[in-house]
Amino acid sequence: GSRVGKLNIALFQQFQVHVGDVPISGFKSDKARALLAFLAMQPGVPHSRSSLAALLWPDLSEQTALGNLRSALANLRAITEKKFGLTPPLFQADYQTIQLKVDAFACDVVSFERYFAAGQLDEALAVYRGRLLQEFYSGSPTFDDWQRMQADTLSHKAMQGLNALMRQYLQAGKLQRSLHFAQQQVALEPFNEDAHQNMVYLLALNGQTSAALNQVAICRHALKKEMGVDLSPETLALEKAILRRQKLPAPRLLKPGKPVPIEASPLHMLVSRENELSVLNAHLMAALNGRGRIAFVSGTTGSGKTALIETFTAQAARNAPRLVTLNSSCAQHGELATPFYPFREIFLQITHLPQNTGRLSAATPVATRPLDQLNSSMMKILSEVAPDLETLLALGSRSFPGHPAANNADRFTLTLQRGSLYQQSADLLERLADQFPLLITFDDLQWMDADSLDLLYFLGARLKNQRALVVATYRSEDIAGGKGGFVHPLEAYLNEFTRQYGDNRLDLDRSDGRAFVEEYLDTLPNHFSAAFRDTLFHHTGGHALFTVELVDGLKRTENLRQNEQGLWVDNPRIDWDQIPARVEAIINQQLKRLPVFWQHALSVASVEGEYFTGEVLASVLQSQPANLIQGLSRVTGRQHGLVMLEDVRMLNGQRLSIFRFRHSVYQRYLYQRLDGAERSIYHEAVGNALEGFYRDSSGLADVSLQLAHHFEEAGQLQKAAGYYYRNGYAAIQISALLEAEKSLGHAYALLQPGTNNAEGNRLAMDILTALSKVDLALHGWGSAERGRDLNAARQVAMERGLAAEQLLINSNMVENLLGSGQWQEAAERSQEVLLQTENLEQSLLSMQARMVEGVSFIFLGRLAEGLALLEEVFAYLDDHRAEIQQGDMKADEETARVVYASGLVFAGRPQQAQAHLDQALRGARQGNNSFAHGLGLTIGGIIKSILLEDDAAALPYAQELVADPKLRQLQAFIPWIEFMEGWLEFNNGQRRNGLRRLKTWGERVKSNAHFLGFPFLLSTLADALRQVGQPAEGERLLSYALQALQQGVGSIVMRSRFLRLRGDCQLARGDAAGAEASYREAIQAAQRQGARLFQLEAANSLCRLKLAQGRAGEELHLLDQIYAGFSEGWDTAPLRTASELLNAAGLRA
């Protein structure tokens, strides 16, 4: 063919492609259309053939999918390039990729994006004709998901643009232009109350008071119909101001200041309803092929039934232009209701009579075109096949006063033979379906009168072979609640429909609630945390209205706010107890349907929590458990959908039925309705019942936190403290230290006000002792938190005369004094404790105290005493192993063995140290002792890498330390972990990056350097600086580390090592005399402490210096004496160095 013009691709609303004014046809499949649309939205971007094949044919093998892609591409080229001779060619393709040439076509989406990015909003919105590829289905779930996300993004931009233009023209005084954009907003988002508010406000400003009030009525009807709720306070205030001619309150989107983006209505966008739409479309396709049917859509108030049906109807009308859509509301009219009212609405729409009160579909301009063609002959058809229906249409004098047949309405209804009426109705619909396919929808079927239900059932059989689909919605909670104390009439009809025609029910309450929450949140540009998303779903269960209202309420209270980039973010401290008024109204309405007994029962159940135990509730209510549980399952569960059975457990032969409120918001609402006195009474009753069930079982620990909560709320503080202690102690056993700290701290706070009894004092000391262990792990040896808790525990022990316990506390206080730099006081206190332990009979408690003293002596540099004490303790423990398989003593032993291993290394016994380190790590891993585990990995890495210079052996320790997420929760280990990350980089060839990380670490930690390992790690950083040619900087850091030791920070046993490293830095910068002095001082310090390893290292350095000077005789003999004192560790780097020096001097063969 000849060339006509440029190719134009339109993707907003319907898929359309033109060359000039000539539409392109001949598309082989919707997949071909989808391929063209995907490429057009990304012009000039090459896409791999494999990715395009996977996008469009995800369920086929790659070979088959690629073949289909080649076929689709050939089809597109044939109907565009070849047919119209396009120049330049549209497609640029090779063996690997496919793309569209930028200058070969125009696309409305690309134009919209370009205008929007340039801020040309008028031009952008002129291009935006509606949602991207509306009602287009490619048949590929992957493409359809991509399409939906793109459509949501573009729709949001359009709403943002409309909002900006509306504000712009309002501020410029161009009210009519601003109103035009407000009307577009409502057209795009008819369920968005903000958009309605804007239009009402602008209409009122323009003096169109009646139109403004009418818009309020439209908004009220839309929200009431879909959500069953009233307008927000802001809209009501605006309506009130219009009626009273007062100053109009500006809607939030039109207030002066920073523009607030308008959000797309989740109900209009039908978030996460693709599966439901596909089910309805399948029903429609069957009906269009002559297999008519009736389908039902159910769901609780606010689940989105009406929005689903209106969207489906609009889709159907656009996709099937000859389809006639009819709809009716079965809204309750009370005493004003007349028989067959919903069908009157349907038949009035068919005939277009002047008295028509029926509501035309949301897609009226398209949907009623076929009816326009029928209108001229409809009265003839009506008189031929349904003569009595003409009289039926005039029935109901209350509805149509003044009609000639109105006075005969009641008489006619009584005398007309129902069979004849049903037959005529079916004949009319069949006659109509012969010419045009029908889609008939009924809203709120639960309110349909009995006569209409009978007629609907009759039509079910007649329409089976017709081109007609009937879709009816109903509220599931209304059916479950019955009617007038009896089973709801609709329930019987539904059961019979299912028996006769199969189950055509679509339950929105069974939809994927999590998907709804995720997709709704992502309609907003956001950076919501995973915790917020999880908690929102937990509270709403994915219920559409609950989710929308809760998010809206969080915005109003600024718990959700926009950051500087315009992204919505959540406040991590959200108060989730606030329930929006609309949600409260719906819950209250649902609860009122329950018998009074079950309302009370659920209120009591709410005290136990979102999950509650049927047998506990029976105990509190003094009811028979079997009867109560049966009623919970049947009445509040299956009938009303408020609770559900979650689990059945056996506990000591007793069955426990665990129920859950279907939405946690139900539980919060019921609990908040109880006053303080009621809550206290029921908390105590629930606590006593739970305690009774769990008291003699191993499961008591699992419910200890629940019991603590119930007894605290009941005012039984000491009992509550006991259960908080149980929970904290159990948390320590599994290394859940943050939870342990919280529970134990709260337990002690409950006891503090006025505990003055033996049981309470003992409990207080147990709590404080446990807290000190948590403080050690979380905050470090010398933390102020640990000191505070130990002092409080010591005071309690002294008051009660608990000598052994007081001794153990004093031992731990020595550790705390050491860690906080109070060395002199620690040394004096340790001597007192040691004397006290010698006067006590040997026991686990006295051994525990001696073990702490042994650890303290090692840190004080009294290696021989510390090692001897620990050897004595370990020997005792080995003889009493059966007594310490679990609990505090075993955990303390593992920690002490790690410190003992380090002391053995300092003393020159590395092989023995390795055995004890391995034993400690095995025990820590098996017992889930995070502190001993972390300490063992830290000491193991230090021993191997830094002290024995064996990086390969140190690597597994360092890697495990860095990778363990539990250890990152322990504040005491964070500096070690961060240091090890830098040290690993430095020793693995990335010296520059590693050193930069180590320097950053040093500067950060130096400002808060009050922990034991700081001087040691700083000295290691200093040695790294020397190795990279910065000895002066290294020497400065070593002086800082030595000064920290003098101030009591760190272990004094390390002083000799720091002096030796200082000498290395001095020698590197040419100060040989200073280096020699440092080496000799290091040898003397190590000798006093019994730190043979550090003495040997310093002697090695001194000998190397003197050998370089040619004067090493005396120093070599000193090295020989030190070397002779070793009995193991010959393969370690310090001993190998010494051996090489001595061999070279001829002192050892």
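Structural remarks
- On the stretch given as the stretch 185-211, residues that are at negative phi, over 35 Å from the mean Cα position of the chain (by Cα) and either surrounded by fewer than 23 Cβ atoms within 10 Å (Cβ to Cβ) or modelled with pLDDT under 80 (or both) total 7.
- Residues that are in contact (Cβ under 8 Å) with a residue 40 or more places away in the chain and surrounded by 21 or more Cβ atoms within 10 Å (Cβ to Cβ) within the stretch 1064-1074 comprise ASP1064, CYS1065, listed in sequence order.
- Pairs linking a residue in the stretch 116-145 that is β-branched (Val, Ile, Thr) to a residue that is assigned to a loop (DSSP other than H, G, I, E, B), with Cβ atoms under 7 Å and 6 or more positions apart or on different chains, are THR142/PRO58.
- Some residue of the stretch 1031-1046 being surrounded by 22 or more Cβ atoms within 10 Å (Cβ to Cβ) and aromatic (Phe, Trp, Tyr): no
- Answer residue from the stretch 547-561, given it is in a loop (DSSP other than H, G, I, E, B) and surrounded by fewer than 18 Cβ atoms within 10 Å (Cβ to Cβ) and is modelled with the lowest pLDDT among those: THR557
- Count of the stretch 28-39 residues, restricted to those that are modelled with pLDDT of 90 or more and over 15 Å from ASP144 (Cβ atoms), is 3.
- Checklist (1) in contact with a helix residue (DSSP H, G or I) (Cβ under 6 Å, 6 or more places away or on another chain); (2) surrounded by fewer than 17 Cβ atoms within 10 Å (Cβ to Cβ); (3) more than 25 Å from THR142 (Cα to Cα) applied to LYS6, failing item: (1)
- Extreme residue, nearest to PHE979 (Cα to Cα), among residues of the stretch 1026-1039 that are at pLDDT 90 or above and of a type in the set (A, V, I, L, M, F, W, C): LEU1038
- Some residue of the stretch 498-505 being polar (S, T, N, Q), touching a residue at least 40 places away in the same chain (Cβ under 8 Å) and surrounded by 21 or more Cβ atoms within 10 Å (Cβ to Cβ): no
- Of all the listed residues (ALA958, ALA924), the sole one being within 20 Å of GLN848 (Cα to Cα) and buried (at least 19 other Cβ atoms within 10 Å of the Cβ) is ALA924.
- Checking ALA740 against (1) in a helix (DSSP H, G or I); (2) in contact (Cβ under 8 Å) with a residue 40 or more places away in the chain; (3) crowded, with 21+ Cβ neighbours inside 10 Å, the condition it does not meet: (2)
- Matching entry among LEU469, LEU429 (being touching a strand residue (DSSP E or B) at 6+ places or on another chain (Cβ under 6 Å) and either at negative phi or aliphatic (A, V, I, L, M) (or both)): LEU469
- Residue within the stretch 697-705 that is of a type in the set (Asp, Glu), buried (at least 17 other Cβ atoms within 10 Å of the Cβ) and part of a helix (DSSP H, G or I) present: no
- Some residue of the stretch 81-95 being under 30 Å from GLU276 (Cα atoms), of a type in the set (Asp, Glu) and loosely packed, with under 14 Cβ neighbours inside 10 Å: no
- All of TYR671, TYR724 fail the test of being of a type in the set (Ser, Thr, Tyr), at pLDDT 90 or above and closer than 30 Å to ARG582 by Cα, apart from TYR671.
- Against the conditions (1) modelled with pLDDT of 85 or more; (2) within 16 Å of LEU248 (Cβ to Cβ); (3) of a type in the set (A, V, I, L, M, F, W, C), ALA217 satisfies every one except (2).
- Pairs are defined by a Cβ separation below 9 Å, a sequence spacing of at least 6 or placement on different chains, a first member in the stretch 178-197 that is small (Gly, Ala, Ser), and a second member that is buried (at least 20 other Cβ atoms within 10 Å of the Cβ) and not in a helix (DSSP H, G or I); the pairs so defined are ALA195/GLU189; ALA195/ILE262; ALA195/SER265.
- Residues considered: GLN147, GLN160, GLN168. Of these, the only one that is at pLDDT below 85, more than 32 Å from the chain's Cα centre (by Cα) and not in a loop (DSSP other than H, G, I, E, B) is GLN168.
- Cβ pairs under 6 Å, 6+ apart, first in the stretch 681-696 and aromatic (Phe, Trp, Tyr), second crowded, with 19+ Cβ neighbours inside 10 Å: TYR682/VAL604; TYR682/VAL607; TYR694/VAL703
- Residue in the stretch 883-899 that is of a type in the set (A, V, I, L, M, F, W, C), more than 24 Å from SER811 (Cα to Cα), assigned to a helix (DSSP H, G or I) and at pLDDT 75 or above present: no
- Inclusion of LEU165 among residues that are touching a residue at least 60 places away in the same chain (Cβ under 8 Å), under 20 Å from PHE181 (Cα atoms) and not small (Gly, Ala, Ser) is not warranted.
- Filtered residues of the stretch 12-40 (kept if in contact with a Leu (Cβ under 7 Å, 6 or more places away or on another chain), within 18 Å of ILE98 (Cβ to Cβ) and either part of a loop (DSSP other than H, G, I, E, B) or basic (Lys, Arg) (or both)): LYS31
- Yes/no for ALA749 being modelled with pLDDT under 90, assigned to a helix (DSSP H, G or I) and among the small types (Gly, Ala, Ser): yes
- If only residues of the stretch 9-27 that are under 20 Å from GLN150 (Cα atoms) and touching a Phe, Trp or Tyr at 6+ places or on another chain (Cβ under 7 Å) are counted, the one that is surrounded by the fewest Cβ atoms within 10 Å (Cβ to Cβ) is PHE15.
- Failed criterion for HIS539 (all others in (1) out of contact with any Ser or Thr (no Cβ under 6 Å at 6 or more places or on another chain); (2) buried (at least 18 other Cβ atoms within 10 Å of the Cβ); (3) not hydrophobic (A, V, I, L, M, F, W, C) hold): (1)
- Inside the stretch 640-661, residues that are outside any strand (DSSP E or B) and surrounded by fewer than 21 Cβ atoms within 10 Å (Cβ to Cβ) make up a count of 3.
- Of all the residues in the stretch 225-263, those that are aliphatic (A, V, I, L, M), modelled with pLDDT under 60 and closer than 21 Å to HIS156 by Cα number 2.
- Members of the stretch 562-615 found to be basic (Lys, Arg) and either in a loop (DSSP other than H, G, I, E, B) or within 30 Å of LEU521 (Cα to Cα) (or both), listed by number: ARG573, ARG582, ARG593
- Within the stretch 78-118, the set of residues being over 24 Å from GLN13 (Cα atoms), among the aliphatic types (A, V, I, L, M) and under 40 Å from the mean Cα position of the chain (by Cα) comprises just one member, ILE98.
The values are calculated or read from the model by the stated rules, or taken from the named source; none is laboratory data. All of these numbers come straight from a predicted model, not from anything done at the bench. Quick reminder, even Gly has a Cβ in these numbers, built from the backbone with ideal geometry, and neighbours come from all protein chains shown.
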